[in-house]
């Protein structure tokens with residue numbers, strides 16, 4: 001019973017980013033533990049962030065929210081995808097229960113699908129949730145729009161209520177469904193400055209100001225890209241899979257430089273408010289230009305975190321999609337230092353708590 005099974009929602013890269021921080025801390029803390037990660041996040045993304053020896057397997061156990069691009073959510077597609085997935089709920093729980101017993105899993109961690117937590121309870125394995133919001137809290141906002149959401153609010157909440165422990169990450173909602181909680185400090189760590197390498201490989205000017213557009217997808221039209229191309233004082237970057245060929249915006253491959261190092265090499269970041277990117281900007285002391293995010297209840301919680309811990313500027317969706325970035329970029333770079341700092345070491349604390357429960361199971 002020396003195996004950790006770690007389940008990660010494929011809702012967004014931020015869940016993978018923070019989970020990889022904890023997985024790496026687990027590997028460093030106990031190199032003898034077997035670690036299996038299950039997620040439908042891209043394998044190349046996971047492998048670009050994980051230390052050797054952590055096994056990555058495919059698996060989809062929640063749907064999160066389906067997005068039209070990094071800013072806009074498709075609620076109709078989301079509820080239909082959830083219904084399709086949960087039509088197999090009993091089958092998926094049974095399969096994961098059998099997997100846990102077959103592989104000698106001693107502790108289950110989930111960020112933050114409910115099905116693996118339910119399987120852990122059936123298998124008699126300690127269950128740990130890890131995150132900054134629960135899907136019950138996100139989904140309850142949509143019940144007045146479509147009462148089908150109420151079923152899934154209750155499904156997630158009922159599982160969360162029976163989970164052994166929540167490792168509650170920073171920038172969090174109360175997560176009141178979880179009876180036992182430990183608050184974590186910041187997980188993220190600074191990346192390495194690879195500006196020279198990136199400049200050489202991408203034919204970018206290292207003397208200009210560098211802005212990273214941190215989105216998985218962004219539906220910007222040619223007129224907006226032309227405005228962005230004409231920002232004389234700036235070099236603009238994305239990280240694959242986001243790219244606009246011929247736009248003058250440099251798309252960096254994760255195989256060239258890990259995302260954390262791209263961010264560390266830039267002067268500021270343009271993004272939607274998300275847990276992972278805020279954490280990495282705090283860890284690397286990078287200003288944030290952030291935009292609106294509709295139909296996501298976490299948004300005001302994350303904006304509060306930006307305002308407390310980051311130099312920042314706001315860009316409305318309309319300006320972002322027009323390519324009118326210059327005002328917000330200049331404002332963020334000129335913003336005063338944040339008044340507050342946040343404690344570090346969250347990944348190491350999470351690893352300690354996970355291994356405590358693994359060792360108890362292994363010795364029993």
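The values are calculated or read from the model by the stated rules, or taken from the named source; none is laboratory data. Given the structure is predicted, the values throughout are model-derived calculations rather than measurements. FYI the Cβ positions are ideal-geometry reconstructions off the backbone, even for glycines, and counts take in every protein chain you see.
Of the numbered conditions (1) closer than 19 Å to residue 152 by Cβ; (2) modelled with pLDDT of 95 or more; (3) surrounded by 18 or more Cβ atoms within 10 Å (Cβ to Cβ), residue 100 fails exactly one; give the number of that condition.
(1)
Within segment 140-161, is even one residue touching a strand residue (DSSP E or B) at 6+ places or on another chain (Cβ under 7 Å), under 23 Å from residue 5 (Cβ atoms) and at pLDDT 95 or above?
Looking for residues that are touching a strand residue (DSSP E or B) at 6+ places or on another chain (Cβ under 7 Å), under 23 Å from residue 5 (Cβ atoms) and at pLDDT 95 or above, one finds at least one in segment 140-161, hence yes.
So if I check each of 260, 305, 350, 318, which one is assigned to a helix (DSSP H, G or I) and in contact with a strand residue (DSSP E or B) (Cβ under 7 Å, 6 or more places away or on another chain)?
Selected residue: 350, the only one of 260, 305, 350, 318 that is assigned to a helix (DSSP H, G or I) and in contact with a strand residue (DSSP E or B) (Cβ under 7 Å, 6 or more places away or on another chain).
Is it the case, given these coordinates, that residue 227 is at pLDDT 95 or above, over 30 Å from residue 346 (Cβ atoms) and touching a strand residue (DSSP E or B) at 6+ places or on another chain (Cβ under 8 Å)?
So residue 227 fails the test.
Going by what's in this entry, would residue 332 be described as assigned to a helix (DSSP H, G or I), out of contact with any helix residue (DSSP H, G or I) (no Cβ under 8 Å at 6 or more places or on another chain) and crowded, with 16+ Cβ neighbours inside 10 Å?
Yes.
Step by step: first the residues of segment 335-364, then only those that are more than 30 Å from residue 163 (Cβ to Cβ) and touching a helix residue (DSSP H, G or I) at 6+ places or on another chain (Cβ under 8 Å), then the one that is modelled with the lowest pLDDT. Which residue is that?
The selected residue is 339.
Looking only at segment 141-159, count every residue that is in contact (Cβ under 8 Å) with a residue 12 or more places away in the chain and part of a loop (DSSP other than H, G, I, E, B) and tell me the total.
Within segment 141-159, residues that are in contact (Cβ under 8 Å) with a residue 12 or more places away in the chain and part of a loop (DSSP other than H, G, I, E, B) number 2.
Checking residue 233 against (1) in contact with a strand residue (DSSP E or B) (Cβ under 8 Å, 6 or more places away or on another chain); (2) farther than 23 Å from residue 62 by Cβ; (3) surrounded by 15 or more Cβ atoms within 10 Å (Cβ to Cβ), which single condition isn't satisfied?
For residue 233, the failing item is (3).
Would you check which residues across segment 85-97 are surrounded by fewer than 24 Cβ atoms within 10 Å (Cβ to Cβ) and either in a helix (DSSP H, G or I) or touching a helix residue (DSSP H, G or I) at 6+ places or on another chain (Cβ under 8 Å) (or both) and list them?
Of everything in segment 85-97, those that are surrounded by fewer than 24 Cβ atoms within 10 Å (Cβ to Cβ) and either in a helix (DSSP H, G or I) or touching a helix residue (DSSP H, G or I) at 6+ places or on another chain (Cβ under 8 Å) (or both) turn out to be 85, 86, 89, 90, 91, 92, 93, 94, 95, 97.
Report whether or not residue 66 is in the same structural domain as residue 153 (by TED's automatic domain parsing), buried (at least 21 other Cβ atoms within 10 Å of the Cβ) and either at pLDDT 95 or above or in contact with a helix residue (DSSP H, G or I) (Cβ under 8 Å, 6 or more places away or on another chain) (or both).
no
Counting only residues that are buried (at least 22 other Cβ atoms within 10 Å of the Cβ) and in contact with a strand residue (DSSP E or B) (Cβ under 7 Å, 6 or more places away or on another chain), how many does segment 1-17 have?
8
Scanning for something assigned to a helix (DSSP H, G or I) and in contact (Cβ under 8 Å) with a residue 12 or more places away in the chain, does segment 285-295 turn up at least one residue?
no
Would you please list the contacts, defined by Cβ atoms under 6 Å and residues six or more apart or on different chains, that run from a residue in segment 4-15 that is free of Cβ contacts under 8 Å to residues at least 60 places away in the same chain to a residue that is buried (at least 21 other Cβ atoms within 10 Å of the Cβ)?
10/39; 10/41
Kindly indicate which of 326, 280, 319, 353 is in the same structural domain as residue 21 (by TED's automatic domain parsing) and buried (at least 16 other Cβ atoms within 10 Å of the Cβ).
Only one candidate passes the filter, namely 353.
I need the full set of residues from segment 49-59 which are surrounded by fewer than 18 Cβ atoms within 10 Å (Cβ to Cβ) and under 20 Å from the mean Cα position of the chain (by Cα), in order please.
Result: 51, 55, 57, 58.
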